[in-house]
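Visitor: One structure is given below, represented as structure tokens, and several questions about it will come after.
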Amino acid sequence: MLDLPWNEFTLDNFDLKRAQKILDEDHFGLENVKDRILEYLAVLKLKGDLKSPILCLFGPPGVGKTSLGKSIAKAIGRNYIRMSLGGLHDEAEIRGHRKTYIGAMPGRIIQNIKKAKSSNPVFILDEIDKVGKDFHGDPASALLEVLDPEQNNAFHDNFLELDYDLSNVMFIATANTVATISPALRDRMEMIDVTGYIVEEKIEIAKRHLVPKQLEAHGVDKSKVVFKDEIIEYLIENHTRESGVRLLDKTIARIVRNIARKIAFEEKMNKNLTVNNIKEILGPPEFSKDKYQGNEYAGVVTGLAWTAVGGEILFIESSLSKGKGTLTLTGNLGDVMKESAVIALEYIKSHAADLNITDEAFEKWNIHIHVPEGAIPKDGPSAGITMATSIASLFTQRKVKNNLAMTGEITLRGKVLPVGGIKEKILAAKRAGITDIIISEENRKDIGKIKDIYIEGLTFHYVKDIMEVLKIALLKEKVKKAVKV
């Protein structure tokens with residue numbers, strides 16, 4: 001109890017220009033996150049006292065969520081402490097054990113405050129989306145008291161048996177996905193989306209941070225090796241597939257280790273790395289770039305998907321075979337995608353006349369829809385318009401326009417609904433060489449929030465109805481005669 005920093009506070013450094021400089025030096029990009037942090041510091045400077053907001057940085061792995069907390073602590077001169085919540089399933093880990101138990105100890109919150117040696121540290125709650133729950137209680141519910149600015153001025157620890165004021169602590173939570181955080185906990189935090197980086201940003205991050213860090217870590221002098229921009233770009237596109245930069249960091253470390261070995265063996269080596277040098281060290285490319293594969297056939301459409309590690313492009317293929325009009329779906333699809341396919345087919349059937357398709361065609365031909373890479377489970381509401389376009393393309397035998405991708409859900413009456421993960425999907429489209437994107441009119445506001453650098457070279461088509469999609473997507477000429485009885 002005496003070890004706790006009851007009234008010990010570190011003085012905040014309110015030189016905001018310095019704080020901005022530190023944040024910019026430590027992290028490239030992430031402007032919206034940095035702006036929010038500087039706003040908080042500005043209010044703290046003017047008011048002198050502010051109930052600390054609880055920020056939750058969520059986004060894919062390796063985008064710099066945890067290290068942002070370190071930079072914030074450095075920028076304002078506060079002590080820094082980090083606590084990982086991954087796999088935590090005992091409520092007593094947060095609130096402490098009662099003294100009657102053998103091995104009783106305070107909760108991890110109070111233990112870390114003691115380690116921090118001040119009552120106003122920057123406190124990182126890592127992996128808040130991975131808190132468990134079992135018969136020991138629900139730690140997520142115990143965290144409500146910690147993270148509620150109205151309650152945490154009197155946080156009660158069972159071991160301490162005294163209230164401790166946590167209102168001066170700047171809590172920053174990190175998570176990969178918001179879906180698994182309980183709604184009550186989510187409500188108490190300010191959610192800040194830390195999205196992935198485009199290739200240009202990754203090159204800058206590698207040059208400014210990753211390469212110097214790895215050279216220093218492996219004892220290699222800067223003058224011994226040069227990573228040119230095109231080499232870093234080659235690594236990004238051929239040896240990594242991620243939204244963040246963690247795998248890129250490991251890949252650069254592998255190359256630097258190889259160089260360190262050559263220097264130690266006093267072997268001859270080329271100072272300026274070439275693609276051939278990289279191939280010798282890392283072997284052939286691990287990933288084929290998500291390239292647009294073209295659509296020489298009717299029924300092949302490019303969709304855009306969101307995954308936990310960023311956006312990806314998705315190909316949907318359809319084919320016809322003589323039969324009785326059955327619909328077959330393959331490619332490890334979830335329930336939502338299966339329903340999208342059924343709705344898409346029903347819509348095309350009910351609007352067959354508008355598309356010059358005979359009603360009998362649906363009774364004489366079986367439809368098979370496949371989403372390649374069948375071993376990977378796929379689900380979500382983003383493929384509705386893609387499936388409808390694929391079926392329409394198949395029955396009319398009109399190909400889809402080149403370099404075009406789409407994302408959006410449909411209703412039975414053909415309305416195109418908005419979807420999420422727009423920025424990640426756009427990055428995936430750019431990586432793949434897509435030039436035109438069809439999305440819902442209601443997603444126009446999301447495009448407005450994205451910086452021009454991300455959407456440069458892309459044309460957006462905003463649609464409200466599936467018929468608008470088909471007008472934009474399908475070419476006028478037919479591959480062969482449209483399917484008849």
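The values are calculated or read from the model by the stated rules, or taken from the named source; none is laboratory data. It should be emphasised that the depicted structure is a prediction, and the values quoted were computed from it without experimental measurement. Here the Cβ positions follow ideal geometry from the backbone for every residue, glycine too, while neighbour counts run over all protein chains shown.
Visitor: Pull out all pairs, ordered by first then second residue, where Cβ-Cβ is under 8 Å, the residues are six or more apart or on different chains, the first lies in region 172-188 and is under 13 Å from residue 148 (Cα atoms) and crowded, with 16+ Cβ neighbours inside 10 Å, and the second is modelled with pLDDT under 85 and among the acidic types (Asp, Glu).
Guide: Hits for this filter: 188/148.
Visitor: Still on this model: Would you pick out the residues in region 253-284 that are under 32 Å from the mean Cα position of the chain (by Cα), part of a loop (DSSP other than H, G, I, E, B) and touching a residue at least 12 places away in the same chain (Cβ under 8 Å)?
Guide: 273, 274
Residue-wise test of (1) over 16 Å from residue 311 (Cβ atoms); (2) under 19 Å from the mean Cα position of the chain (by Cα); (3) of a type in the set (D, E, K, R).
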residue	(1), (2), (3)
191	yes, yes, no
198	no, yes, no
208	yes, no, yes
225	yes, no, no
228	yes, no, yes
232	yes, no, no
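Visitor: So which residues in region 255-285 are surrounded by 14 or more Cβ atoms within 10 Å (Cβ to Cβ) and charged (D, E, K, R)?
Guide: 257, 262
Visitor: Could you list, in sequence order, all residues of region 19-58 that are surrounded by 14 or more Cβ atoms within 10 Å (Cβ to Cβ), over 26 Å from the mean Cα position of the chain (by Cα) and assigned to a helix (DSSP H, G or I)?
Guide: 19, 41, 44, 45 - these are the residues of region 19-58 that are surrounded by 14 or more Cβ atoms within 10 Å (Cβ to Cβ), over 26 Å from the mean Cα position of the chain (by Cα) and assigned to a helix (DSSP H, G or I).
Visitor: Suppose the filter is over 22 Å from residue 284 (Cα atoms), touching a Gly at 6+ places or on another chain (Cβ under 7 Å) and either modelled with pLDDT under 85 or assigned by TED's automatic domain parsing to the domain that holds residue 58 (or both); does residue 158 pass it?
Guide: yes
Visitor: Name the residues in region 330-360 that are among the aliphatic types (A, V, I, L, M) and within 21 Å of residue 414 (Cα to Cα), would you?
Guide: Step one: filter region 330-360 for residues among the aliphatic types (A, V, I, L, M), giving 333, 336-337, 341-345, 348, 352-353, 355, 357.
Once the filter is applied, which keeps residues that are among the aliphatic types (A, V, I, L, M) and within 21 Å of residue 414 (Cα to Cα), region 330-360 yields 336, 337, 341, 342, 343, 344, 345, 348, 352, 353, 355, 357.
Visitor: Which members of region 363-388 meet the condition of being in contact with a Phe, Trp or Tyr (Cβ under 9 Å, 6 or more places away or on another chain), part of a loop (DSSP other than H, G, I, E, B) and among the hydrophobic types (A, V, I, L, M, F, W, C)?
Guide: 371
Visitor: What are the pairs with Cβ atoms under 7 angstrom where one residue, in region 71-83, is within 28 Å of residue 139 (Cα to Cα) and the other, located anywhere, is outside any helix (DSSP H, G or I) and acidic (Asp, Glu)? Sequence gap at least six, or different chains.
Guide: So the pair list comes out as 78/12; 82/126; 83/126.
Visitor: Go through region 389-439 and give me each residue that's of a type in the set (A, V, I, L, M, F, W, C) and part of a loop (DSSP other than H, G, I, E, B).
Guide: Here is the first cut: in region 389-439, the residues of a type in the set (A, V, I, L, M, F, W, C) are 391-392, 394-395, 400, 404-406, 410, 412, 416-417, 419, 422, 426-429, 432, 434, 437-439.
Result: 412, 419, 434.
Visitor: For region 59-71, check the following and say yes or no: at least one residue is under 17 Å from the mean Cα position of the chain (by Cα), assigned to a helix (DSSP H, G or I), among the hydroxyl-bearing types (Ser, Thr, Tyr) and not assigned by TED's automatic domain parsing to the domain that holds residue 205. So that I can check it myself, show each step before the final result.
Guide: Applying the first criterion (under 17 Å from the mean Cα position of the chain (by Cα)) to region 59-71 yields 59-68.
Adding the requirement that they be assigned to a helix (DSSP H, G or I) leaves 65-68.
Those left that are additionally among the hydroxyl-bearing types (Ser, Thr, Tyr): 66-67.
If we keep only those that are not assigned by TED's automatic domain parsing to the domain that holds residue 205 too, we end up with 66-67.
Scanning region 59-71 turns up at least one residue that is under 17 Å from the mean Cα position of the chain (by Cα), assigned to a helix (DSSP H, G or I), among the hydroxyl-bearing types (Ser, Thr, Tyr) and not assigned by TED's automatic domain parsing to the domain that holds residue 205.
Visitor: Right, residue 268: more than 27 Å from residue 435 (Cβ to Cβ), at pLDDT 85 or above and of a type in the set (Lys, Arg) or not? Please lay out each step first, then the result.
Guide: Details: more than 27 Å from residue 435 (Cβ to Cβ): yes; at pLDDT 85 or above: no; of a type in the set (Lys, Arg): yes.
Spelling it out, it is not the case that residue 268 is more than 27 Å from residue 435 (Cβ to Cβ), at pLDDT 85 or above and of a type in the set (Lys, Arg).
Visitor: OK, next. Residues in region 100-123 that are touching a strand residue (DSSP E or B) at 6+ places or on another chain (Cβ under 9 Å), in a helix (DSSP H, G or I) and in contact (Cβ under 8 Å) with a residue 40 or more places away in the chain: how many?
Guide: Selection size over region 100-123: 4.
Visitor: Condition test on residue 80, is it in contact with a strand residue (DSSP E or B) (Cβ under 9 Å, 6 or more places away or on another chain), at pLDDT 85 or above and of a type in the set (Ser, Thr, Tyr)? Quick ask: steps written out before the conclusion?
Guide: Numbers: in contact with a strand residue (DSSP E or B) (Cβ under 9 Å, 6 or more places away or on another chain): yes; at pLDDT 85 or above: yes; of a type in the set (Ser, Thr, Tyr): yes.
For residue 80, the condition - in contact with a strand residue (DSSP E or B) (Cβ under 9 Å, 6 or more places away or on another chain), at pLDDT 85 or above and of a type in the set (Ser, Thr, Tyr) - is met.
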